[in-house]
Amino acid sequence: TPIGYLPRKEDIDVKGVALPDGALQQLLEVDVAAWHREIDDIGRYLEEFGGRLPPALRSEYQRVKQALG
C-alpha cells in the first residue's frame, strides 16, 4: 500500500472475536483521502525540525507522499 505493508485478512486470527461482515476488510483498507490530509499535517510537523530532521525520515515522508499521489 502507499503507507507500507498491511497484513492480509486471512493472516489475522479473529477466532472468538465478533466482527460484522466486512469489518475486517474495512479495517485493513487505506483511506487515501484521509491519508492526504494526514500527510499534509505530518509535513507541517516535520518542518518544525528544519535541518535537524534526519535525512532518512525526510526520505520516508517524501516516499509516502509521492505514493499517495
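The values are calculated or read from the model by the stated rules, or taken from the named source; none is laboratory data. Just so we're clear, the structure is a prediction, and the values are computed from it rather than from any experiment. Reconstructed Cβ throughout: ideal geometry from the backbone, glycine too, with neighbour counts over all protein chains shown.
Here D40, D21, D13 are screened, and the one residue that is modelled with pLDDT of 95 or more and of a type in the set (D, E) is D40. Looking across region 1-27, the residues that are surrounded by 10 or more Cβ atoms within 10 Å (Cβ to Cβ) and either hydroxyl-bearing (S, T, Y) or more than 17 Å from L68 (Cβ to Cβ) (or both) come down to T1, K9, I12, V14, L19, A23, L24, Q25, Q26, L27.
Just need a number here: residues in region 41-69 that are assigned to a helix (DSSP H, G or I), charged (D, E, K, R) and surrounded by fewer than 12 Cβ atoms within 10 Å (Cβ to Cβ).
Of the residues in region 41-69, 4 are assigned to a helix (DSSP H, G or I), charged (D, E, K, R) and surrounded by fewer than 12 Cβ atoms within 10 Å (Cβ to Cβ).
Exactly one residue out of P20, P7, P2 is touching a residue at least 60 places away in the same chain (Cβ under 8 Å) and not in a helix (DSSP H, G or I), and it is P2.
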